[in-house]
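The numbers here are math on the coordinates, done by the rules we state, and not lab data. Keep in mind that what you see is a predicted model, and the values were worked out from it rather than measured. All Cβ positions, even for glycine, are placed from backbone atoms using ideal geometry, and neighbour counts span all protein chains on display.
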Amino acid sequence: MKRIAILTSGGDAPGMNAAVRAVTRKAIYEGMEVYGINYGYAGLVAGDIRKLDVSDVGDIIQRGGTVLYSARYPEFATEEGQLKGIEQLKKFGIEGLVVIGGDGSYHGALALTKHGYPTVGIPGTIDNDIPGTDYTIGFDTASNTVLEAVDKLRDTATSHVRTFIIEVMGRDAGDIALWAGVAAGADYIVIPEREFDIKEIAAKISKSRERGKRHCLIMVAEGVMSGQEFKDLLSQEGDFHERVSVLGHVVRGGAPSVRDRVLASKFGWKAVELLKEGKGGLCVGIRNEEIIASDIIDTLENQKHHPDLTLYTMNNEITF
Ligand code: ATP
């Protein structure tokens, strides 16, 4: 392959720029030409495509968000949209595409693959909810941002003897709540992958109060319910001086962590290695610290993301 393109799609995630940089630089190193597509699939269909040079991706490795911008473009779920996208790629003489994004973006890459267009997916979402990889780009940074916020909330919780209910992003996955919760020493972590018993949680808070514990931190993944809904449930069991904190979009931004920058660089590098060999229809991932490539159709149709639930069990046994 001599000419490839790259786009970022869906929700932005810290580290996407590091992946854009790695794809661009590695491709140029291999003697290929690289095109950047603005605004994800919307820009692809509209032909918002420009050539990227070495310096176009300079000074971006440290930045959050995506310099290629991102967009939600539901029209790409139609065959008409997909064929228009392929037409644009062919018009520019582009032979392969790298898609960085989450689950929805992967479905776009899957559609292109089914039309026979060589595409490689890179998992980029803070939610960590993509099959075919242990970690996605942005998850580590987002978890660290949540951790920093929860550490601060703990100060107030302790000073005022409060129960903080912290609602965090993650769509239908509990990974951010789980990892940040364990790291923050949260008393309870409520995630979609495990049922919870509100009476048990209330009893746990009462017991810890009895032994003199002043703070209580409860992480609630947005995929379960809102923080306010959880508060309403808990307050039916007693007065725990609850306060709700919704961290929201602040968790999506910021400079990527070391881990996300390195992971993104590895993924970008690997994606180009694959396209260089003419291999498409794949998605890259990390499994037991090894960078892998899997069939994108099999990954999306037959595999499921599972968070590390040993963290959940462990947290219940070390926090009381
Ligand atoms: P995040 O998980 O961070 O929100 P995402 O990639 O899952 O990221 P979506 O909005 O679900 O975000 O999807 C991004 C884009 O991918 C959509 O706007 C659309 O252009 C494309 N897309 C989503 N689903 C499909 C599908 N079934 N077929 C083709 N394209 C799709």
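Just a few scattered comments:
- Cα gyration tensor shape for segment 125-214, rounded if a/c is under 1.5, else prolate or oblate: oblate
- Based on the Stokes-Einstein relation at 20 °C and a viscosity of 1.002 mPa s, and on the Kirkwood radius from alpha carbon pairs, the chain is assigned a translational diffusion coefficient of 105 µm²/s.
- Karplus-derived 3J(HN,Hα), 6.51/-1.76/1.60, for each residue of segment 179-188, Hz, glycine and proline x: 5, 5, x, 4, 5, 8, x, 5, 6, 8
- The count of lysine pairs in segment 163-300 whose Cα atoms are under 13 Å apart, excluding pairs fewer than 8 places apart on the same chain, comes to 4.
- Taking the DSSP beta bridges with both ends in the chain, the antiparallel portion is around 25 percent.
- Per-residue packing, averaged as other Cβ atoms within 10 Å, sorts the ranges 107-113, 6-12, 49-55 into the order 6-12, 107-113, 49-55, beginning with the highest.
- Set of lysines with alpha-carbon distance to residue 91 below 19 Å, sequence-local pairs under 8 removed: 2, 51
- Distance in nm between pseudo-label sites at residue 72 and residue 236 (7 Å out along the Cβ direction from Cα): 3.0 nm
- Nearest-0.05 FRET efficiency for residue 288 and residue 210, computed from C-beta distance (R0 45 Å): 0.55
- Cα centroid of segment 111-131 to Cα centroid of segment 245-320, whole Å: 12 Å
- Among 119-130, 254-265, 37-48, the order from most to least packed when residues are scored by Cβ within 10 Å on average: 119-130, 37-48, 254-265
- Around the amide H of residue 242, modelled in the peptide plane, lie the amide H atoms of 163, all under 5 Å away and 5 or more residues distant in sequence or on another chain.
- In a simple Cβ point-charge model (Lys, Arg +1; Asp, Glu -1; nothing else charged), the chain has a dipole of about 800 debye relative to its Cα centre.
- Each residue of segment 16-24 was assigned a 3J(HN,Hα) from its phi angle through the Karplus curve 6.51 cos²θ - 1.76 cosθ + 1.60 (θ = phi - 60°); the sequence is 4, 5, 5, 6, 4, 5, 5, 4, 4 Hz, with glycine and proline shown as x.
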